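What follows is calculated from the coordinates using simple rules that are stated; it is not laboratory data. Note that the coordinates shown come from a computational prediction; the quantities given were computed from them, not determined experimentally. Glycine also receives a Cβ, built like all others from the backbone with ideal geometry; neighbour counts cover every protein chain displayed.
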Amino acid sequence: MTIISIKIKFIKILYSTILILLTLLFIKPLAHAAISVSFSGAQEESAKAGYLQLEWHWQHQNPNGPKTPSNQDSEPQSKQTLPQKWKYQLQRDDRSEEFQHATTVYRGKDAASFVSGLSDGKHYYRVRIIDTKGQSVSPWSEKKTVVVDYHSWTLTWILFATGATIFFILVAVLVIGSRKEKSSQSEQS
Amino acid sequence: MKFQSAILSETTGLIILSILGALWVFIGYLWGKKAKNLDGYMLAGRKVGLALGSATAMATWVTSNTTMLAPQFALQLGIWGMLAYSTASVGLFLFAPMAKRIKNLMPHGITSGDFIMKRYGKKVWTVFLLISLFYSVTWLISMAMAGGILLNTISGIPYGVGMSVILLVCVLYTLFGGMYAVIGTDFIQSIIILIGTVLVGIAVLGEIEIGQVYNNLKEFKPSLISVMLPAAIIALFNNLLFGVGEIFHSNVWWSRAFAMEKGVGQKAYTLAAFFWFPIPIAAGFIALASGTLNINVVSPDMVGPLIASHILGQVGAVVVFIVIFSSLASSIDSLLAATSDLLAEDIYRKILNKQASEQTLRKAAAIIIAGLGIVTWLFCLPKIGTLASVLFFAGPMVGSTIFPILLGLFWPSASPTGALWAMLLGTAIGLTAYFMIGWYSASLVGTAISMVVMFAFTWFKPDQYIWATLTTKDFSK
């Protein structure tokens, strides 16, 4: 093996290494920039009874990239499917909008989740796409704030008491009416 | 995907659909042979016994809503929500003594409209008929639509096919056999529903521990196990009154009261309420277990079928399919029969053809069943998913009829003017509450207003009604 051929081999290896490094440096951030997830509806929504359906969709922002259902106008959002190896990760934080105490509440392919049983106050949600190893494919979405503002206790107890009173009267009318009917029937017989 | 994928293959779904469909039509045809005259066709000869009576009341009340909405209530409003839905059985309990009274007062009555016309006159009857028809038709359409959607979600059967088959099967056997067919199929369907629900319930309890469910809810959905959830507290009596309103006014329940043998109605409705009561609690508990089983719920009304198939696999999916098909059929057939009776007796005989003979009226009822089926099918074709929510509008409407009917049955002093204003004001203010507070308050507010108006008129402008008027055989005017 001549020195020239060794040099050529070295240059080839060096060239390949540089290429790989460049790929690692640029391709991944590019992938991040290309795929994004966003929630449907307003950024802040209120839920008087502590439940809400969260919906989201993903988009490919590179116009030259492969077509995804979300940038085909004719395709309804409900039919969006993620590639096999990807899934969504939905996180919730009940204390900080910076997601310092975030908990993952869902991992999977559904583009919606019905959240309920939320306590009074603000709840923050964010979603992203991850691969099978749990590595992020897209950055986190913009946060969605769910404001749970329960009905006032005065209104609640007024309506509860009204309901209880109606029920009591209803039963009383029925019981008294039935007894009267029974006694009138026995009188007749 | 936004919605969960099918849990049963389309071929399996179509095979079950065909077998069950053929079975119902065959049974309907066989039972229908008993219907020799108008009373036989519309009211099963007024000779329905205790077993068939309780089964038909129970099966009719287990609708697609019980399997879809009861789990939804639990997921939205927690323990209170679960209880709130099961309070719909209170309507059956309270109707039991009324069934006895109705049968005693009106031994020859055919529809709830007959009672309103004789008791309160034409004005109240018109408002009542509008409310009742709105409720019946919306319920019918929403149920046929729910049938198509459910069968599609469970087995992938195209929406149009599932909806059309379920509607066609029900129309066919109701048309052939009238009330005989409805009650006969209801009996078998109620057994299927009970066995299916018990099977799924046992399987869920075998798979998870109640402690796990509690811990999961405490961590992720704390309000669902809290007794202090305002919307749920409001919903408790609201749902109870919605159920009471539905049962008190609807001809579905009145026609059964007329159809049962004397002395059977009260016992049959009480038994039906006992059998029905645990079903929504079981369905609700299954929904609360979704978090423990790591099941993401996209659409809360699909949680029951999802969990059943998750735990029992393909067997569970088949059981759920059969239970849902049975619960849909048992309600759609009852609605078709009761609404066609209402239209034949209250519109055709009272307005269009006062001299109609029994035979003409029977023909009219059959044509109306077929017509109702076609109209429902046309409404269902576009698959307006939101139409089911229109049924909730009916909450304050039916709530406003509770006191006019109750006082009208027991108090001779209940006046027609009071009944008219009770229904109008109850509906209007109840609907306002629907938009101002929420769906979970509308029936309650509607009933409250109607009750106050009814009592006020009874107190200040009492009537002196003579009960003997109701014993007539002629309800044509």
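The table below lists the values:
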read-out	value
Calculated from backbone phi, Karplus (6.51, -1.76, 1.60) coupling profile of the range B:266-271 in Hz, x at Gly/Pro	4, 5, 4, 5, 5, 4
Sparse-neighbourhood loop sites, chymotrypsin sites (Phe, Trp or Tyr not before Pro) in the range A:132-189 - DSSP loop, at most 11 other Cβ within 10 angstrom	none
Within 10 Å of each Cβ in B:293-300, the average number of Cβ atoms from other chains	5
Cα centre as origin, Lys/Arg/Asp/Glu Cβ charges: the range B:1-130 dipole, Debye	740 debye
Hull-based mean projected area of the range B:347-477, where the convex hull spans the alpha carbons, in square nanometres	10.5 nm²
Dipole of chain B, positive end: most advanced residue of B:135, B:419, B:26 [Cβ charges, Cα centre]	B:419
Coordinate range along principal axes, alpha carbons of the range B:279-348, Å, largest first	55, 21, 20
Among B:301-312, A:37-48, B:45-56, the order from most to least packed when residues are scored by Cβ within 10 Å on average	B:301-312, B:45-56, A:37-48
Rounded FRET efficiency, nearest 0.05, which uses the C-beta distance separating residue B:358 from residue A:187 and R0 of 30 Å	0.25
q = 0.14 Å⁻¹: log10 I(q)/I(0) that the Debye formula gives for the range B:172-313, counting C-alpha atoms only	-0.89
0 to 90° range, to nearest 10: angle between helix B:159-207 axis and chain B longest Cα axis	40 degrees
For a label point 7 Å along the Cα-to-beta-carbon line of residue B:315, residues of the range B:167-203 with backbone N under 17 Å	B:195-203
Value at 222 nm in deg cm²/dmol, rounded to 500, when DSSP H runs of n ≥ 4 in the protein assembly as shown each add -39,500 (n - 2.57)	-22500 deg cm²/dmol
Three principal axis lengths of the range B:169-214 [C-alpha, angstrom, descending]	51, 15, 13
Cα-projected label distance for residue B:134 with residue A:153, points at 7 Å along beta-carbon direction, nm	3.7 nm
Dipole of the range B:348-477, positive end: most advanced residue of B:393, B:471, B:356 [Cβ charges, Cα centre]	B:356
Table column - 3J(HN,Hα) (Hz), the range B:456-473, Karplus curve with 6.51, -1.76, 1.60, x for Gly and Pro	4, 5, 5, 6, 8, 9, x, 9, 10, 7, 9, 4, 4, 4, 7, 7, 4, 9
Approximate shape of the range B:232-341 as ellipsoid semi-axes (Cα gyration tensor, √5λ), whole Å, largest first	31, 18, 13
For the range A:82-92, 3J(HN,Hα) per residue [Karplus equation, 6.51 cos²θ - 1.76 cosθ + 1.60, θ = phi - 60°, Hz, x = Gly/Pro]	8, x, 3, 7, 9, 8, 8, 10, 10, 10, 10
Mean-position separation - Cα centroids, the range B:307-327 and the range B:445-477, in angstrom	46 Å
Mean projection area, nm², convex hull over Cα of the range B:406-477	5.8 nm²
Alpha carbon convex hull of the range A:122-164, volume per residue in cubic angstrom	103 Å³
Relative contact order (percent, whole number), chain B, Cα cutoff 8 Å, 6+ residue spacing	30 percent
Label point 7 Å beyond Cα of residue A:140 along Cβ direction - residues of the range A:92-117 with amide nitrogen under 17 Å	A:92-107
Equivalent ellipsoid semi-axes - Cα gyration tensor, the range B:1-138, angstrom	33, 25, 16
Average Cα contact separation per residue, the range B:216-338, under 8 Å, 6 or more apart, as relative contact order %	23 percent
Out-of-range pairs (alpha-carbon distance over 24 Å; input B:34/B:363; B:350/B:383; A:109/B:221; B:36/B:100; B:47/B:473)	B:350/B:383; B:36/B:100
For the range A:106-189, diffusion coefficient by Stokes-Einstein and Kirkwood Rh (Cα), 20 °C, 1.002 mPa s, µm²/s	113 µm²/s
Normalised convex hull volume, the range B:99-167, alpha-carbon set, Å³ per residue	111 Å³
Among B:303, B:172, B:125 the positive-end extreme of the charge dipole of chain B (Cβ point charges)	B:125
Three principal axis lengths of the protein assembly as shown [C-alpha, angstrom, descending]	125, 56, 45
Simple Cβ-charge dipole of the protein assembly as shown, Lys/Arg +1 and Asp/Glu -1, about Cα centre, in debye nearest 20	660 debye
Geometric extent, Cα atoms of the range B:69-189 - Rg, Dmax (angstrom)	18.4, 50
